[in-house]
Amino acid sequence: MAPYARRRHAPTLRGGAARGCYGCQASYTPRDANEDPLVVKRWDFEPETWERMLKENG
């Protein structure tokens, strides 16, 4: 089954990181009453930081 076939919501792209909130972020999406929430981890940095990290790490 395709990875997104079971998704209930379309993926979204966010703008940059919230000022002062950098690094690993987590969001919790509620699911059915008998299921644990879906935890999604993402990394937020300013575009310049992403550029630097990509250049440093190939």
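Laboratory data are not the source of any read-out in this text; all were calculated from the coordinates shown. Here the structure is a predicted model, which means the values were calculated and not measured. Don't worry about glycine lacking a Cβ; one is built from the backbone with ideal geometry, like all the others, and counts go over all protein chains shown.
What FRET efficiency do you get for S27 and K55 if R0 is 22 Å and r is their Cβ-Cβ distance, rounded to the nearest 0.05?
Taking R0 as 22 Å, the efficiency between S27 and K55 is 0.20.
For the residue pair E48 and D36, what label-to-label distance in nm results when each label sits 7 Å from Cα along the Cα-to-beta-carbon direction?
Rounded to a tenth, the inter-label distance reads 3.9 nm.
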